[in-house]
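Working notes, structure below.
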Amino acid sequence: MRTPLRLNRLAQRRALTAPQVAALKKDGQHWVAPSLYLNIKAEQGTRSWLFRYRRQDGSNQWMGLGSVDEKSLSEARDEAAMLRVAVKRAEDPIAAKREVQVQRKIEMKPKVPTFAECAAEYIASHKAGWKNEKHAQQWPSTIEMYVNPFIGKLPVDQVTVEDVLKVLKPIWTSKPETASRVRGRIEQVLGWAAAMEYRTGDNPAQWKGGALPHLLPAIGKIAKVEHRKAVPYQDVPKLMRELRKNGSVSAKALMFTILTGARTTETREATHAEIDRKAKVWTIPAGRMKAGREHRVPLTDQALALIASDPADSKYLFPSPSGHALSNMAMLQLLRGLRDDGSTVHGFRSSFRDWAADETDFPREVVEACLAHALGDDAELAYKRTDFLEKRRDVMVDWASHCLQHR
């Protein structure tokens, strides 16, 4: 046991000078100043400072203060002196250092964006891929109207099922179709946020496999599906005669749409460059197709007759007076002027499908291919190497004969 005199001598021990410290070569921890040691590892070629102190539980603890190359003797001695004061205050220097490091990590961590900010980023990054102009306009408007008032300012990593319910409950039964779209858009934004590592865990807006089906009734049980009204195929010949008498660009465009089974936008934006008159084929690029796949349409003589020779003032098959693509409402307004039963332009696809089912024996897959509908799962579609072009030509010839019959 050390005597008081021995302890006093240790306390009065003189700290080493810089030359003395530089002269130390042996491996191990060398006392340099009160609580300050030099740690030498000759084999690794390292010399570093160590602070030694006693914890509250009586155990001794070493704390690294950095390399000799990065910190001078005087700096290490001053730091050791400050740490001794902390130890006397019953503080643990290592624990305090760890707290500082954790706080720095928190401060350096990027700020989590709000749901509104993520929605804006999602829209900006996906807008170029949305072919439907109406769809591109609805996205920001529905987010701003229905979502942001409830969760727009909420950090995206804090959005929960309860928050999603706050958005959906007010419109789930009163506006089911809108509510379904809103839910899907919230799910997509949160999915994007997860991909950007702004949030983790399950997506609170997902329906299949999520919590929402247990909290809300299925849309199908509260919303009656209303299909777009179609002109009965038996009435199509009479309508076609009325359209031929009209003779306007809109009338020709509508007749072309009926004869080809195309969608409104596909006809509106059709260009002369897409038509191969010799092969009698209209090739619609993948970028303009709903399914995102190129679609070839066999053209009958009647359909080709509706297309004027290439005009010098427009690239479109059916241009507006200004030379641009025909208005989105042009064909619908014309149809409403001829029929007041709520029929739609898109409904003629149903007219065609009903005619094929009732009046012909064409295979289902060929008829569906006429409408650019892909049958089968992804694996089956991957191995399908034909689009039934010539078989579809027979279908469209018979459909044209039906549409343009004189009786």
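The values are calculated or read from the model by the stated rules, or taken from the named source; none is laboratory data. Quick caveat: nothing in here was measured; it's all calculated off a predicted structure. No Cβ is skipped: glycine too gets one built from the backbone with ideal geometry, and neighbour counts run over all protein chains shown.
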Item to check | Hey, Arg98 of a type in the set (Lys, Arg), more than 26 Å from Ala18 (Cβ to Cβ) and assigned to a helix (DSSP H, G or I) or not | outcome: yes
Item to check | Residues satisfying the stated conditions in the range 251-268, i.e. in contact (Cβ under 8 Å) with a residue 60 or more places away in the chain, closer than 19 Å to His295 by Cα and small (Gly, Ala, Ser) | outcome: Ala253, Gly261
Item to check | Tally of residues being farther than 21 Å from Glu390 by Cα and modelled with pLDDT of 95 or more across the range 255-283 | outcome: 1
Next on the checklist: Just to be sure before I move on: is Ser250 surrounded by 14 or more Cβ atoms within 10 Å (Cβ to Cβ) and outside the structural domain of Thr142 (by TED's automatic domain parsing) in the structure I sent?
Outcome noted: yes
Checklist entry - So, in the range 333-367, of the ones that are without any contact (Cβ under 8 Å) to a residue 12 or more places away in the chain and assigned to a helix (DSSP H, G or I), which residue ends up nearest to Thr264 (Cα to Cα)? => result Arg336
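Yes or no, residue by residue, for (1) farther than 25 Å from Gly129 by Cα; (2) out of contact with any helix residue (DSSP H, G or I) (no Cβ under 9 Å at 6 or more places or on another chain); (3) among the aromatic types (Phe, Trp, Tyr):
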position	(1), (2), (3)
Asp235	yes, no, no
Glu242	yes, no, no
Phe256	yes, no, yes
Ala262	no, no, no
Glu266	no, no, no
Lys278	yes, yes, no
Arg293	no, no, no
Arg296	no, no, no
Ala305	yes, yes, no
Checklist entry - Between residues in the range 286-305 that are in the same structural domain as Cys370 (by TED's automatic domain parsing) and under 15 Å from Asp387 (Cα atoms) and residues that are among the small types (Gly, Ala, Ser) and in a loop (DSSP other than H, G, I, E, B), which pairs lie under 6 Å by C-beta distance while being six or more apart or on different chains? => result Ala286/Gly292; His295/Ala372
Checklist entry - Does Arg393 meet the test of being modelled with pLDDT of 90 or more, in a helix (DSSP H, G or I), in the same structural domain as Lys245 (by TED's automatic domain parsing) and touching a Pro at 6+ places or on another chain (Cβ under 7 Å)? => result yes
Checklist entry - Are any residues in the range 262-284 closer than 15 Å to Pro298 by Cβ, in contact with a strand residue (DSSP E or B) (Cβ under 8 Å, 6 or more places away or on another chain) and not polar (S, T, N, Q), and if so, which ones? => result Ala262, Glu266, Ala270, Glu274, Ile275, Asp276, Lys280, Val281, Trp282, Ile284
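Condition check ((1) of a type outside the set (D, E, K, R); (2) in contact with a Phe, Trp or Tyr (Cβ under 6 Å, 6 or more places away or on another chain); (3) in the same structural domain as Ile40 (by TED's automatic domain parsing)) across all residues:
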site	(1), (2), (3)
Phe51	yes, no, yes
Trp62	yes, no, yes
Leu65	yes, yes, yes
Glu70	no, no, yes
Leu73	yes, no, yes
Pro93	yes, no, yes
Glu99	no, no, yes
Checklist outcome for this item: Ala179 vs (1) buried (at least 16 other Cβ atoms within 10 Å of the Cβ); (2) touching an Asp or Glu at 6+ places or on another chain (Cβ under 8 Å): all pass except (2)
Checklist outcome for this item: Restricting attention to the range 159-179, the residues that are within 21 Å of the chain's Cα centre (by Cα) and without any contact (Cβ under 8 Å) to a residue 40 or more places away in the chain number exactly 2
Checklist entry - Within the range 109-143, restricting attention to residues that are in contact with a strand residue (DSSP E or B) (Cβ under 8 Å, 6 or more places away or on another chain) and over 23 Å from Ile171 (Cβ atoms), which residue is modelled with the highest pLDDT? => result Pro113
Checklist entry - Quick one: is Arg293 at pLDDT below 90, loosely packed, with under 12 Cβ neighbours inside 10 Å and not in a helix (DSSP H, G or I)? => result no
Checklist entry - Which of (1) out of contact with any Leu (no Cβ under 7 Å at 6 or more places or on another chain); (2) acidic (Asp, Glu); (3) in the same structural domain as Gln44 (by TED's automatic domain parsing) is the odd one out, the single condition Glu79 does not satisfy? => result (1)
Next on the checklist: Going through Arg52, Arg47, Arg104 one at a time, which residue ends up being part of a helix (DSSP H, G or I) and basic (Lys, Arg)?
Outcome noted: Arg104
Next on the checklist: Of all residues being of a type in the set (Phe, Trp, Tyr) and within 15 Å of Ala230 (Cα to Cα) in the range 316-356, which is surrounded by the fewest Cβ atoms within 10 Å (Cβ to Cβ)? Just the residue, please.
Outcome noted: Trp355
Item to check | Matching entry among Glu144, Glu187, Glu197 (being loosely packed, with under 14 Cβ neighbours inside 10 Å and acidic (Asp, Glu)) | outcome: Glu197
